[in-house]
Structure formats: structure tokens, C-alpha cells
1. Going through region 262-275 one residue at a time, which ones are crowded, with 21+ Cβ neighbours inside 10 Å and either touching a residue at least 60 places away in the same chain (Cβ under 8 Å) or among the acidic types (Asp, Glu) (or both)?
2. Would you mind telling me which numbered condition in (1) touching a Gly at 6+ places or on another chain (Cβ under 7 Å); (2) buried (at least 18 other Cβ atoms within 10 Å of the Cβ) Tyr39 fails?
3. Can you find a residue that is assigned to a strand (DSSP E or B) and over 35 Å from the mean Cα position of the chain (by Cα) anywhere in region 432-448?
4. Tell me which residues, restricted to region 59-83, are in contact with a helix residue (DSSP H, G or I) (Cβ under 8 Å, 6 or more places away or on another chain) and either loosely packed, with under 15 Cβ neighbours inside 10 Å or not in a loop (DSSP other than H, G, I, E, B) (or both).
5. When you look at Leu132, is it surrounded by 15 or more Cβ atoms within 10 Å (Cβ to Cβ), of a type outside the set (Val, Ile, Thr), free of Cβ contacts under 8 Å to residues at least 60 places away in the same chain and within 15 Å of the ligand (Cβ to nearest atom), yes or no?
6. Mind listing just one residue for me: the one in region 230-251 that is under 26 Å from Ile177 (Cα atoms) and within 12 Å of the ligand (Cβ to nearest atom) and, of those, surrounded by the most Cβ atoms within 10 Å (Cβ to Cβ)?
7. Within region 25-71, can you find the residues that are charged (D, E, K, R), more than 15 Å from the ligand (Cβ to nearest atom) and closer than 17 Å to Glu224 by Cα?
Amino acid sequence: MSASKDSQPMEKIVSLCKRRGFIFQSSEIYGGLNGAWDYGPLGVELKRNLKNYWWRVMVHERDDVVGMDGAILMNRAVWKASGHEDTFSDPMVDCRTCKARLRADQLVQKKDALQCPNCGGKDLTEPRPFNLMFKTYVGATEDESSITYLRPETAQAIFVQFKNVLEISRKKLPFGIAQTGKAFRNEINPRNFTFRSREFEQMELEYFCRAEEGMKLLDYWLEERLTFYENIGIGRDHLHVKTVPDEERAFYSKGTYDIEYDFPFGRQELEGVAYRTDYDLQQHIKASGKLLDYFDEETKKRFVPHVVEPSAGVDRTVLALICEAYSEDEAPDEKGKMETRIVMRFHPRMAPVKCAVFPLLKNKEQLVAKAKEIVDVLRPHMNVFYDESGAIGRRYRRQDEIGTPFGVTVDFETLGEKDPALRDTVTLRERDSMKQERIAINDLAGILVARIS
Ligand code: GAP
């Protein structure tokens, strides 16, 4: 039986991530850098599987969406026009007692007074805006004229390329432009592992439409996105939809939903789905003087499209996948004694390694040769791991702990030594149920591809 979600402290998850090579602290040997993380050999596979599946569902499987890949550095004028230079800030407070810098919404309300969450001090400065964009200089001179910022969202590249993409793709409304990529925010307090980082990745779609379609498409995209999370193994029972109230919504948005997930540290946002009206395109029209509009061939009228934006965080979703997958159950060891098994129950579609291949014994040449042949057959279709060291039960456990959904064992029956009818068959073990079935080697690739895609 798997343990309940609430009983999984984050420490166990963070420790597994380091131990098994999912996520490391950035610059660890120098003491780290707050808010920056490196993905190890398994983490990078998980992240790629997520981004590739998002791209497949949002771009390849649709007629009405095309992709792009914008630069991280953009003209400063973009950030002036979008409003980020003036208003992309969080209210910051200093605690005069312990000198902590805090986001105002992290202060603790005790009776009538606000307190510092670190030291309980009540001697706090007034909140003042702290701009979250990382400033940088382009070129050899560091003065006002060379300032720009690392992008704090990927979306603006889509808005400023709207006309180019519209012209070359010849799409009719409604249609979307999708993009994944890095974004940077100088968060006052990065926290909860990778959840709030200073460098992270986004997966954003800007779906352009007519004004009258905006509210309906907002609901449509909410449903599409909820289905996406289910299809990567995050159950609806751990997802929540928050209708963002008027006072919390950006002033230009006519409707926003937050898709939230029950992380071990609380319910937190994974993705925002927002109806942003025509605000962004209008801002860039005003600032650049260029016509970012749409010509309707039926009515022969020009107008500026509205936009619905599902904007998801890659790192947050990876963290949700890891939290959702983590579980402990009981399984028999080599001698049949029950022991605790850590198992990452990743959806096969997301699992970093899809299939492990084991020769039963490493000192039997024929078993090893057959297992390596199977690796060669599977490798063009999926990420495969070959392991010949240690008892077979231990090898299964190692794969359970990294969430490999399938294990193939080459044994003496594969060689036809016991029963010629079983020659060129292997056992296929399923991670969650630990059930084993006998499969012909010739059928293996087809069966596995169907289960992981
Ligand atoms: N273009 C809209 C936009 O950027 P947002 O709600 O600020 O909207 C979208 O960000 C998503 O990006 C969030 O739902 C979250 O998943 C991710 N995100 C934002 N800030 C983040 C941070 N500091 N660390 C990790 N992910 C972050």
C-alpha cells in the first residue's frame, strides 16, 4: 500500500533527487547559489519528456498552433512597453532585527502586529517595490543606453513577433504561437526546493482570437490543460482550479484561472490560464508604432486580436511529477522478508528511463550477449538502461527508486535450456504491480512502445 501524500516530507524527496541524480544545487562545490538548480542525468530526461510531450500536444497535434524560439535578450523597449520595467515588482520588507529581506506577503500576522517569519521581530520597514528583473548591459559600455534585462517571461517574444509569424504561417483566427524557454526573476525569497527559483523554464502558448471568443476560449484552455496534467500522471484529485478574484487579477485581464497542485508544502500554482484581452499587442503597437493587427478577409476589416494564455512552469511541473510519483510500499527482499521499497510511480510517458535490461547472471556469456542484443533492439525507440551488477532483486529496487516502469530479465529459459518453447522469450516486470509476464523478444519493442507513448 502506498503511503499517503501528506506524510512525505519534502526532505525525503530532496534527498532522493540528489542521491539518484535528478536535481543538484547549482555551483554546489562553492556553497551553491540561492534560487538556481542543476538537473542531473535523470532530471534532464524527465524535464525533456515533459517539454517534448507539451510540444507534441500543444503544437504537433494541432492545426491551429505553430511554435517559435525567441531570444532571452530583447530590446529594453519591449520591457518598457509591456509594463515590466515600471511594475514587475514584489513588495519587499526588511526586518531590522535579523536583517532578513522578505516579501511582504510572507510576514506572519500575530494578533494585531506583523512579524518576521525568521526571528519573530516586529521592527519592520514599510513595504517598497522591488523589481524582479535581472538587469544587464549589452556591449562593452555599462551605461543607461546599454541596459536591458534577462526576460522574466517568454511571452513577450511571441507578442513582438506576432506579425512575422502571422504572415509566414498564414493562419486564420483563432490560432496560437507556442514557446518554451528560460525565464529569470530575481525572487526576493527563492524557496521550496525548485518551486520558486531565480532561473526557471516556462511553456507558454499565446492563443490569439476575436474579442467575442475570449471568455469561451479561456474555459476551453483550462480544460485542455487539466487533461494535459492527467495525461502526464498528475491526478485531478491533486489539482485545483482557483478562479483569480478581480482584486488579484492583472488590470487588463478579463478572467484568470490558476491551476494549483497539492505539493507536500501546501497548495501552490503550477500554471496560470489568463484571458489578457488585447493589452499586450496594443502596448507594443503604441510603443513601436508598428501595426500588429489582423485582416479579416470575410469582413475586410482590420483589428487587434485578443489573447488567451496558458502559461506553465517546467520546473514546477517537474517538481509536481516527482512529488506525485514518490511513494513507499512493502516488497519482499531476496530472502522473502518484507522491506520498505521506495518507488517513483512516474507515468511511463514521463519516466526518465523506460526500460532496464538485466542478464540474470553477469558471468554467463550467453545471458549477457542476449541482454545486450535486446538493448540494441530497444535503444532506437526509448531510453534503456543495462545493468548486470548485483542480485536481481537489488537491481529491480534500484530501478524502482528512479521510476523505470519496465524491467526485462534474460534468464536460462531465454536460452531455451529448460523448455525449448520458451527460447527467445524474456520476463517483463511491471514496476508498480511487480507482476511479471513472459514475452517473445520479437514482440518486446512493439509492446513497450505502445505502453510508453
Ligand atoms: N506570461 C505569464 C506569466 O509569466 P506567471 O504566472 O508569472 O505568468 C507563469 O508565470 C508560470 O511560470 C507560473 O505558473 C509558474 O509555473 C512559472 N513560474 C513563475 N515564476 C516562477 C519561479 N520563480 N520559479 C519557478 N517557476 C516560476
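1. Selection gives Phe263, Glu271, Tyr275.
2. (1)
3. yes
4. Val65, Val66, Gly67, Ala71, Arg76, Ala77, Val78, Trp79, Lys80, Ala81, Ser82
5. The answer is yes for Leu132.
6. Once the filter is applied, the top-ranked residue is Val244.
7. Selection gives Arg56, Glu61, Arg62, Asp63, Asp64.
Quick grid of which residues meet (1) surrounded by fewer than 21 Cβ atoms within 10 Å (Cβ to Cβ); (2) of a type in the set (Lys, Arg):
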position: Leu428; (1), (2): yes, no
position: Met434; (1), (2): yes, no
position: Glu437; (1), (2): yes, no
position: Leu444; (1), (2): no, no
position: Arg451; (1), (2): yes, yes
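Read-outs throughout are calculated quantities, based only on the coordinates presented, and are distinct from any laboratory measurement. The model shown is predicted, which means the values in this text are computed figures rather than measured ones. Backbone-built Cβ (ideal geometry, glycine too); neighbour counts: all protein chains shown.
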